[in-house]
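Following: one structure in structure tokens, then a few remarks.
Nothing in this text is a laboratory measurement; each read-out follows from the coordinates by a stated rule. Quick caveat: nothing in here was measured; it's all calculated off a predicted structure. Positions of Cβ are backbone-derived with ideal geometry, glycine not excepted, and every protein chain shown enters the neighbour counts.
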Amino acid sequence: MNDKSHRFVRTVLDALGSICQNVPTFVTDISQFLLKEEPSWEEELHSRRWTAQDQIRINAAMALTRLGQDAGAAEDVLIQALDDPCGHVGAFAMDALRRLDSTSSKQAIMSYLEAQRWDESIRQDRLY
């Protein structure tokens, strides 16, 4: 997983998340990709609005989500990922935290959601 090719790393993360057997030993390795910055991964992906770096973080968050409670060792990193600039990463991190079902993961989700509340009076002006 130390390959510089974003295609290789994305594929490995996706595979680990899909296998879900004997993967808990890789939780720390998977979670590092939520924080890792690699300049060569700033390549914008064709027809997408995010970079290869964003896609790697998305795949890492998705893999941890699929692991459910086996991803417990990644809780602190998942909490940090809630504020990822790519909203997809934060959404998957939130789901992973929900599946951990710990007191601290639930509190992190609630704190995040409380900070993200919308003023319903501006509903018509929202872009999404």
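For volume of the Cα convex hull per residue in Å³, several values are listed as (1) 112; (2) 189; (3) 93; flag the one computed from this structure.
Computed from the coordinates, volume of the Cα convex hull per residue in Å³ corresponds to (1).
Can you tell me the dipole magnitude for the chain around its Cα centre, using point charges on the Cβ only (Lys, Arg +1; Asp, Glu -1), in Debye to the nearest 20?
So the magnitude is around 320 debye.
With labels modelled as points extended 7 Å from the Cα through the Cβ direction, what inter-label distance (nm, one decimal) is found for GLN80 paired with THR25?
It is 2.5 nm.
Apply the Karplus parameterisation 6.51 cos²θ - 1.76 cosθ + 1.60, with θ equal to phi minus 60°, to every residue of region 79-96 and state each ³J(HN,Hα) to the nearest whole Hz, in sequence, with x for glycine and proline.
Coupling constants for region 79-96: 4, 4, 5, 4, 9, 4, x, 8, x, 5, 4, x, 5, 5, 4, 5, 5, 4 Hz.
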